[in-house]
Amino acid sequence: MGTIHLFRKPQRSFFGKLLQEFRLVAADRRSWKILLFGAINLTCTGFLLMWCSSTNSIALTAYTYLTIFDLFSLMTCLISYWVMMRKPSPVYSFGFERLEVLAVFASTVLAQLGALFILKESAERFLEQPEIHTGRLLVGTFVALSFNLFTMLSIRNKPFAYVSEAASTSWLQEHVADLSRSLCGIIPGLSSIFLPRMNPFVLIDLAGAFALCITYMLIEINNFFAVDTASAIAIALMTFGTMYPMSVYSGKVLLQTTPPHVIGQLDKLIREVSTLDGVLEVRNEHFWTLGFGSLAGSVHVRIRRDANEQMVLAHVTNRLYTLVSTLTVQIFKDDWIRPALLSGPVAANVLNFSDHHIIPMPPLKGTDDSNPVTSTPAKPSSPPPEFSFNTPGKNVNPVILLNTQTRPYGLGLSHGHTPYSSMLNQGLGVPGIGATQGLRTGLTNMPSRYGTHNRIGQPRP
């Protein structure tokens, strides 16, 4: 028999958790409208796919893909409502805002993949053009157009509305904007509709419907079936050109990049923070886009030792919070960090002086202006010495620091104790003393490299 676990919660499956979250979203009345439009979208898409098969029109198929994209946009709107309901958790401390960014990115990429599929099918049809039946072509066009426009104008989709405004304009929007400026020059009242730029989703719906109307007329008049393939290519290119800037923008958000339009504002705020009272330095600043319209960042602030940490933190947060919603500020006080100095006789375990730096003491001044007790000048107006030694200045031992750098081998450098022995024999261990006094240093107690205990000099009597 297995172990009996009392009061153990049953583990839910993935579909059980998904159903629980769906019930949470469906409890909000704002989502009922989205669910209704989603059901209508599925019905219209089913009829349009049947009409595409009966008419054998690839242009109508390309236009039906826009209706499928509307279904993805409705799902993105539901995800946006779910994100607003969920609060940050210990596992997801920044919340779930990036989930709606991922939904926008996935929707636009899938639309571009559909456009590439239409281009591939159109290239095959140019070799052998089939016959197109126009019985349901015009009906399917108006059904798809009316539903797409009604969906885009009735439901406020915040993620796609933000991306369409923040992303760069597509080539279709730029050409339509040029035509709109010329038209508004003749009729100024249309400037509020066509300027500064049209909604890209409404624009592609109207352009696709216009291409299908031209296809219907040319096939009815001249039985020119190749125009159906040309219209499909045009709709696919317009779809790809419209979705590509949005996928690039959402992809940059997923990569945690800094938006270009806020870099100047962030630099200005950092300069203002660096001029606050008590702030010495602002460094390691990093800002990135957390979601659509929300920035996150972290910054290190070095302050004076006598500054109030809480006061500086409040001022820094107040300055940056106007632009950065999620901010992490690390404040540390300025402190003098002095390296550990080794003065006096060298320990017996220091065997390899190639791993140490020998810093000679600076040359001493004349004896007339020096104090015989310390190595500092004996002027009453001079500040107190920072370091004092127990021995006269002429017998000051060298300062030995650990060498953390790796010596490059194979460059013709010697690594034995011969250079150090020759340097000490020449009296270069401490400036200002000869060969006899140069042996009276901290090196007199150091054993040789190969384990012998011969001293490298004789002590002064």
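Filtering the stretch 285-302 to residues that are open to solvent by 30 Å² or more (accessible area, probe 1.4 Å), touching a residue at least 24 places away in the same chain (Cβ under 8 Å) and either of a type in the set (Gly, Ala, Ser) or more than 17 Å from HIS261 (Cα to Cα) (or both) leaves GLY293, SER298, HIS300, ARG302. Just so you know, in the stretch 99-145 the residues that are of a type in the set (Lys, Arg) and open to solvent by 60 Å² or more (accessible area, probe 1.4 Å) include one that is modelled with the lowest pLDDT, and it is ARG136. Take the conditions within 30 Å of THR134 (Cβ to Cβ) and open to solvent by 40 Å² or more (accessible area, probe 1.4 Å) and apply them to TYR92. Does it pass? No: the conditions fail for TYR92. The number of residues in the stretch 201-238 that are in contact with a Lys or Arg (Cβ under 9 Å, 6 or more places away or on another chain) and among the β-branched types (Val, Ile, Thr) comes to 1.
Among what's in the stretch 248-268 and is open to solvent by 10 Å² or more (accessible area, probe 1.4 Å) and of a type in the set (Gly, Ala, Ser), pick the residue that is farthest from THR64 (Cα to Cα). Out of the qualifying residues, it is GLY264. Entry remark, the stretch 206-233: residues being over 41 Å from the mean Cα position of the chain (by Cα), open to solvent by less than 30 Å² (accessible area, probe 1.4 Å) and free of Cβ contacts under 8 Å to residues at least 60 places away in the same chain number 1 in total.
The values are calculated or read from the model by the stated rules, or taken from the named source; none is laboratory data. All values derive from a computational prediction rather than experimental measurement. Note that we place each Cβ from the backbone using ideal geometry, even for glycine, and neighbour counts take in every protein chain shown. For accessibility, only protein heavy atoms count, side chains too; no ligands or nucleic acids. Shrake-Rupley method; radii C 1.70, N 1.55, O 1.52, S 1.80 Å.
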